[in-house]
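What follows is a short report on a single structure.
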Amino acid sequence: MVFTLTITATPDDIDELGHVNNAVWVKWIQDIAVAHWTAVATVAQQAAYIWVVTRHEIDYRGNVGAGETVTGETWVPDAPKGARFDRHVRFTGTDGKVKVEAVSTWALIDRMTGRLLRVRPELAAPFLA
């Protein structure tokens, strides 16, 4: 399942080179992942669990300036491995060109105990094609 989110760069997102700062791209990667979880998880699941990033791998392919819009797409191509799974993210500009691609590894945490949890099939199912 591919989840999409449209984001427009604000002046605060822009660095001294005149385009979206690398740290902002990382924030947008997290924003789309959290939005995806919120869209598919039940209220009880959201109260019981939280996801944390353990790794980002990001390829910057183009620039985006203030006022420009990108469409973010995210998907989970493979079943989780224990407590972790890889999430793919791609941001495409209105020109149709990919601006950023990333793979992030996320781990499931029990909110009450703070411990890693194995991702059960019912939690993974909404993310998988």
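The values are calculated or read from the model by the stated rules, or taken from the named source; none is laboratory data. Bear in mind the structure is a predicted one, so any value in this text is a computation, not a measurement. Here the Cβ positions follow ideal geometry from the backbone for every residue, glycine too, while neighbour counts run over all protein chains shown. Only protein heavy atoms, including side chains, enter the accessible area calculation; ligands, DNA and RNA are left aside. Shrake-Rupley method; radii C 1.70, N 1.55, O 1.52, S 1.80 Å.
Here are the numbers for the structure shown:
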read-out	value
Rg/Rh (Cα only; Kirkwood hydrodynamic radius) as it applies to the chain	1.00
Helix 22-40 vs. the chain, principal-axis angle (Cα, 0 to 90°, nearest 10)	40
Computed log₁₀ I(q)/I(0) - Debye formula, equal Cα scatterers, no solvent, segment 21-68, q 0.13, 0.31 Å⁻¹	-0.42, -1.25
Average Cα contact separation per residue, segment 45-98, under 8 Å, 6 or more apart, as relative contact order %	32
222 nm mean residue ellipticity, helices alone, for the chain (DSSP H n ≥ 4; -39,500 (n - 2.57); rounded to 500)	-6500 deg cm²/dmol
Extreme residue, positive dipole direction of the chain, given options V20, A44, V100 (C-beta unit charges)	A44
Rotationally averaged projected area of segment 1-43 (alpha carbon convex hull; nm²)	3.7
Lys, Arg +1 and Asp, Glu -1 on Cβ, resulting dipole of segment 11-129 about Cα centre, debye, nearest 20	640
Whole-percent carbon and sulfur share, accessible surface of the chain, 1.4 Å	53
Linear extension gain, R120 paired with Q46, 0.36 nm per residue minus alpha-carbon span	25.2 nm
Mean separation of Cα contacts under 8 Å (6+ apart) over length of segment 3-123, as relative contact order %	29
